[in-house]
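The values are calculated or read from the model by the stated rules, or taken from the named source; none is laboratory data. This structure is a prediction, so every number in the text was calculated from the model and none was measured. Virtual Cβ from ideal backbone geometry, glycine too; neighbours counted across all protein chains shown.
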Amino acid sequence: MSKKPTAGPALHKVIMVGSGGVGKSALTLQFMYDEFVEDYEPTKADSYRKKVVLDGEEVQIDILDTAGQEDYAAIRDNYFRSGEGFLCVFSITDDESFQATQEFREQILRVKNDESIPFLLVGNKCDLNDKRKVPLSECQLRAQQWSVPYVETSAKTRENVDKVFFDLMREIRSRKTEDSKATSGRAKDRCKKRRLKCTLL
Amino acid sequence: MKEFDDFNFSVDKYTKELTRECVGGSDLQQRKKEIEAYNEQTSATLKQTCKKNYMQFIQTAKEISRNTVYVHTDYSLLQSIQPILTDLESEMYQLSHILIEQRNILATMTDGKMSSQLKANDSLEAAEANAAAATEDVENSHATRAVKEMVQGFNGNLEGKTFLNEGALIELDGNDYRPIQRVFFFLFNDVLIVCKVKHDKRLEFLTEYDPKKIAVINIKDLDGVKNAINIITPDGSKIYQSITAAGKSEWIEKLEEAFRFDQQKKSKKGQAPQPPGRTKQQQTPSKSTTPEKLQDQSPSDAQPKSLEDETPEWLSTASEELQTLVAQRHFEDAQALIKRTQDFLRQADRKKLPQADAIESKVKQQEQKLTNVLIQELSNSHNRNLQIALRAARRPLKILVEMGRSRQASATLLKVCTVSLRVAQREARRNNAEISELFFCDLTQVACDFLSAFEQQPACVSALVVWCNAELQYFASQLIKHYLTKGTSLEAVAKCVERVRKPATKLTEIGLDISYHLEGLLRTTLESLIEESKQRLLDAVGRTEESWQPYNLQTKSNLKRLLHELDTLGIDMRAQATGDTWLNLTQSTLVFVRQFLQLTEYCGCLAKGEALMQSLEQLLRDLFLAQHALKPPSDLAVDPNFVMKNKVFLVDNLLPIAIDKFRQISGRQCEMLRELHTKLARQQGAPLPRQRSVYTTDVF
C-alpha cells in the first residue's frame, strides 16, 4: 500500500449550482457522456470525475452536481466548501431561477469568503429562445455587476457545454498557479483588499 | 391459554395480538381477568406438583434410610440408589427454577398488558400505534444493545434515539481509491457512529458525526469505482464503498432521513389529519361545483313539468358516481357506467327525462376527465424496464381503446416506449452489454404489444411504423456515435453490422421490414469507414520491407501451426512447404494471404447489403493490386523467378479462393475480382485452360 498520494493529473473541483430543473444534471451528463437526458429526476448530490485534456495538459475534473430544490438549502454550505469553481446555472425560460442565482452567489461568497472565486453565470436552455423569459441584457448586466463571465448554453444541442466547463477549469487553474506563486505579501494584499471592500459595504 | 405452553412464547407478541383482537377497554379488562385466573390456577398447580414431588422425595428418603438400616451391608444397592437421589435432587432444583421463571413471565406479562391497556384505553387505533411503537422500541433497544456490546471504546448515551440503519462499508483512499479499512456504521437519528472492523471481527469505535453536519454525495463516476458515496464530514471528505448498489442507495436514503429527521417528525404530525389523497378529493368537488350549479338551475326550470320525470335514480347520480369511481381508480366500472348512460339516453324518450341534457353534458365531462386520467396514467407508466412499462400500460390502454380513444392512446404509449427503449440502451451501453439485440428485442416487443392492442386501427398501425422508423434512426445514430467511430477496424465493423442485420431481418416475421431503411441510415458511415480502412491497409502494404527470400518458420511446430491456420481460412499451402521449416514463398506473401482471406470474410459479411458492394470490391481489388505490384528494389539481388512465383501464386491460388469465399459468404459475385483475375492471368502469359477449370464454377 502506498501511503503517499499519487502525483496524478491536477484535479479541478467544479460545483453545479442553481434552482431545481434548470438543467444542471443535463449539462453535466452532456459533458460527461455526450448525451442529453430527457427524463427529469431531481438530483440529491451526485459526483462525477473525468480525465480531460485542458490546453494540451491532462487534468481531472470533478463535478459535483447538487440539488436545486429549496429543501436542501441548509446543507449546501457543506458541499460548497469543497468547490474550487462554480457554474451557477439558471434557465432562460424561467425568471424565478434567474432571480435565485443572486441567492446562490451570496451563499457561495459567504462560504468561500472570496470575491474572486472562479465563477460562471450560465443561462441554460438557449435552444428554447422562443420561450425566453429572461432578456439577454439583464443576464449580461448581472454578470457585469458580479464581474463574472456570462455564457448561454443548451444541454440539448450541446451548445457551449464544453466551453463552460473548460473556461471554468482554466480560471481554476490560473487561480491555483497564482496562489502558489503568491508571496505572503501578496496574500496580505488580497486580505486588505477584501477588508476594504467590507468596510465599503 | 394454550399459547403459554408454547416453547417459543413471546410476551411482546402475545400482548400485541391481544390488543389487536380486543375491541374496546372492557374486552381487554375481561381478558386480563382471564389471564389472572389462569395465573392463579397455574401457580396452584405448580405448588401442588411441587408438594407432591417433595412428599415423594421425603418418602423415598425414608425408604432409603430404612433400607440402609436393613441392608446395611449391601453396598451395591446403596450405590444404585445414589444416582436416583441425585436425579431427584436435580429435578427438585429444576422445578423450583421453573417455578420462579414462570412467575417472572407472568409478572412481566401482566405489567406489559397493564401498560398497553392504559394506552389502549378506548381506541383500537391507539393500540395499534402502540404496537408499532413497540416494534420500533424493540429495534432501537436491540441496536443500542448491539452498539454497547460490540463496539469497543464507545460510551456515548444512546437512550431515546431512533435507530435507522447499520452495515459494513469499506473506506477508500481519497486519492487513489484503494481500500484503507473496513468500517461499520450505526446510524441513529442524531448520530452516526463509525467503527473500525478489526481482524477478529470486533468493532472499535473510531468517531461519531452529527448527521445534520455531514453532506452525502452519490459518486456516480469515479474511475470505475463502484457503489461509492462521499461523505463530507467536519473533519474532511471521506469515500466509503458499499458492496452492493442497493446497499449504497439505502445508505444515501437513510442518511438523508437522519438529516431531515426533526423536520420529518414535525411535518408528519402536521400532515397527519390530511391523508395524501385529499388533494385529489379537493379537486373533484371544486370542479364539480359548476355543473352542480347548472343542475340547481335546471330543476327549477323543469319544476313545473316534474310530474312526468321518469329519470331513474342511477341516471341522475351517474355523474357523481363516475367521479367516485374515477377517484377510486375503478376505471373499468366507470367506463361501463358511461356506456350504460349513453345507451340509455339514446334509446329513452327525451321528453320524459327533463334533465337528460344536463346529465348528458355532465357525463360527457366525466368521460373527458376519465380519458385524461387514463392518458395521464398511461404516460406515467414509463419505466426503465420496458416489460414493466408495457404491462403497466395494458389496463389504461384497453379501456381507452374501448372508449374509442385509440389514437391518443397509441401516441402516448409510443412516447412511453421511446423513453424506456432509450434508457435501456443507454444503460446497456454503459455496462458494455449488447445493444443491438436489446434494441431489436424491445422493438419487437413493442410492436407485438401494440399490434395486439390496436390491430383494428389502421391509423394506429401506421403510427407504429412511423415510430419504428424514428427509433431506428435514433438507434442508428447511437450506433454510429459509439460503435462505428472513426478508426474502427473492419473486423469490428463487420461484426457490428452483422449483429444489427440479423435481428433486423427477423423483424419481417412480424411484418415489419426495416432492413432497407437501416442499411440506408448506416450506409454513408460504413462507406467512409471502408474507405478509411482501405487507405490504412494500402499504406501498410506500401510499407512492407521484403527480402524476397523463402520464409523460414524456424521450427516444425511453427510451420504446422501456420499451415493449419491458413487451412481454416480456406487455403491449403502444404504444397509450398519445403524441408522441415520452410515455405517456398516470401514472408510478406504469406502474411498477405492470411490478411486478405480474413478481409474477404469481413467484406463478404458487409456485402450482404447490396449498397456497400462497390466500395468493398474496390477495397479488395486495390489491396490485391498493391500487393501484386510489389517489386524488389533495384539494388537488391534476387532471383526473378522467385519474385514471379510469388505473383503467380497470388493470382492463381489466392485470388480464386478469395472470389469463391466472397461469394459463399455474401451470396453475391465479386465481379471486380473476377475481372482482375482474368486480366492478371492473361498478363502472366498463356493461361492454361486446365488451370481455369479449377475455379470457374460459374456459368457465364
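Using the structure shown, decide if residue B:566 is of a type outside the set (Ser, Thr, Tyr) and outside any loop (DSSP other than H, G, I, E, B).
yes
Filter the stretch A:62-85 down to residues that are polar (S, T, N, Q) and within 8 Å of chain B (Cβ to nearest Cβ) and give me whichever is farthest from residue A:99 (Cα to Cα).
A:82
Looking only at the stretch B:193-220, which residues are under 21 Å from residue B:178 (Cα atoms), without any contact (Cβ under 8 Å) to a residue 40 or more places away in the chain and within 14 Å of chain A (Cβ to nearest Cβ)?
B:217, B:218, B:219, B:220 - these are the residues of the stretch B:193-220 that are under 21 Å from residue B:178 (Cα atoms), without any contact (Cβ under 8 Å) to a residue 40 or more places away in the chain and within 14 Å of chain A (Cβ to nearest Cβ).
Taking the stretch B:194-232 as the search range and keeping residues that are among the aliphatic types (A, V, I, L, M) and more than 11 Å from residue A:45 (Cβ to Cβ), which one is surrounded by the fewest Cβ atoms within 10 Å (Cβ to Cβ)?
B:225
Considering every residue within the stretch A:153-171, establish whether at least one is away from every other protein chain (no Cβ under 14 Å), within 23 Å of residue B:215 (Cα to Cα) and under 11 Å from the mean Cα position of the chain (by Cα).
No, because not a single residue in the stretch A:153-171 is away from every other protein chain (no Cβ under 14 Å), within 23 Å of residue B:215 (Cα to Cα) and under 11 Å from the mean Cα position of the chain (by Cα).
Can you tell me which residue in the stretch B:158-181 is surrounded by the fewest Cβ atoms within 10 Å (Cβ to Cβ), limited to those that are more than 15 Å from residue B:222 (Cβ to Cβ) and within 14 Å of chain A (Cβ to nearest Cβ)?
Restricting to residues being more than 15 Å from residue B:222 (Cβ to Cβ) and within 14 Å of chain A (Cβ to nearest Cβ), the top hit is B:181.
Do we find that residue B:491 is charged (D, E, K, R), part of a loop (DSSP other than H, G, I, E, B) and either away from every other protein chain (no Cβ under 14 Å) or touching a Leu at 6+ places or on another chain (Cβ under 6 Å) (or both) in this structure?
Judged against the criteria, residue B:491 is not a match.
Looking at residue B:695, is it at negative phi and at pLDDT 85 or above?
So residue B:695 fails the test.
Here are B:625, B:590, B:599: which of them is touching a Phe, Trp or Tyr at 6+ places or on another chain (Cβ under 7 Å) and within 21 Å of residue B:534 (Cα to Cα)?
On inspection, the qualifying residue turns out to be B:590.
Tally up the residues in the stretch A:11-61 that are in contact with a Cys (Cβ under 7 Å, 6 or more places away or on another chain) and among the aliphatic types (A, V, I, L, M), please.
1
Of the numbered conditions (1) under 19 Å from the mean Cα position of the chain (by Cα); (2) in a helix (DSSP H, G or I); (3) not charged (D, E, K, R), residue B:382 satisfies every one except a single condition; which is it?
Exception for residue B:382: condition (2).
For the stretch B:416-428, what are the residues that are of a type outside the set (A, V, I, L, M), surrounded by fewer than 19 Cβ atoms within 10 Å (Cβ to Cβ) and touching a Phe, Trp or Tyr at 6+ places or on another chain (Cβ under 9 Å)?
Within the stretch B:416-428, B:418, B:426 qualify.
Identify the residue in the stretch A:1-10 that is within 9 Å of chain B (Cβ to nearest Cβ) and under 20 Å from residue A:176 (Cα atoms) and, among all such residues, is modelled with the highest pLDDT.
That would be A:8.
For (1) in contact with a strand residue (DSSP E or B) (Cβ under 9 Å, 6 or more places away or on another chain); (2) under 20 Å from residue A:128 (Cα atoms); (3) free of Cβ contacts under 8 Å to residues at least 40 places away in the same chain, each residue gets a yes or a no:
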site	(1), (2), (3)
A:37	no, yes, yes
A:41	no, no, yes
A:58	yes, no, no
A:62	yes, no, no
A:91	yes, yes, no
A:99	yes, yes, yes
A:106	no, no, yes
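Looking for whichever is in contact with a Gly (Cβ under 7 Å, 6 or more places away or on another chain), modelled with pLDDT of 85 or more and in a helix (DSSP H, G or I) here; the options are B:597, B:590. Which one fits?
Only one candidate qualifies: B:597.
Which is under 54 Å from the mean Cα position of the chain (by Cα) and surrounded by fewer than 17 Cβ atoms within 10 Å (Cβ to Cβ), of B:547, B:528, B:533?
Being under 54 Å from the mean Cα position of the chain (by Cα) and surrounded by fewer than 17 Cβ atoms within 10 Å (Cβ to Cβ) holds for just one of B:547, B:528, B:533, which is B:528.
Matching residues to (1) within 12 Å of another protein chain (Cβ to nearest Cβ); (2) out of contact with any Gly (no Cβ under 8 Å at 6 or more places or on another chain); (3) in a strand (DSSP E or B):
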residue: A:12; (1), (2), (3): no, no, yes
residue: A:20; (1), (2), (3): no, no, no
residue: A:30; (1), (2), (3): no, yes, no
residue: A:35; (1), (2), (3): yes, yes, no
residue: A:38; (1), (2), (3): yes, yes, no
residue: A:50; (1), (2), (3): yes, yes, yes
residue: A:60; (1), (2), (3): yes, no, yes
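Would you point out which residue out of B:223, B:235, B:190 is within 14 Å of another protein chain (Cβ to nearest Cβ), in contact with a Lys or Arg (Cβ under 7 Å, 6 or more places away or on another chain) and modelled with pLDDT under 85?
Being within 14 Å of another protein chain (Cβ to nearest Cβ), in contact with a Lys or Arg (Cβ under 7 Å, 6 or more places away or on another chain) and modelled with pLDDT under 85 holds for just one of B:223, B:235, B:190, which is B:223.
Using the structure shown, decide if residue A:148 is of a type in the set (Val, Ile, Thr) and touching a Gly at 6+ places or on another chain (Cβ under 9 Å).
No: the conditions fail for residue A:148.
I need the full set of residues from the stretch A:86-131 which are at positive phi and within 14 Å of chain B (Cβ to nearest Cβ), in order please.
Those that are at positive phi and within 14 Å of chain B (Cβ to nearest Cβ): none in the stretch A:86-131.
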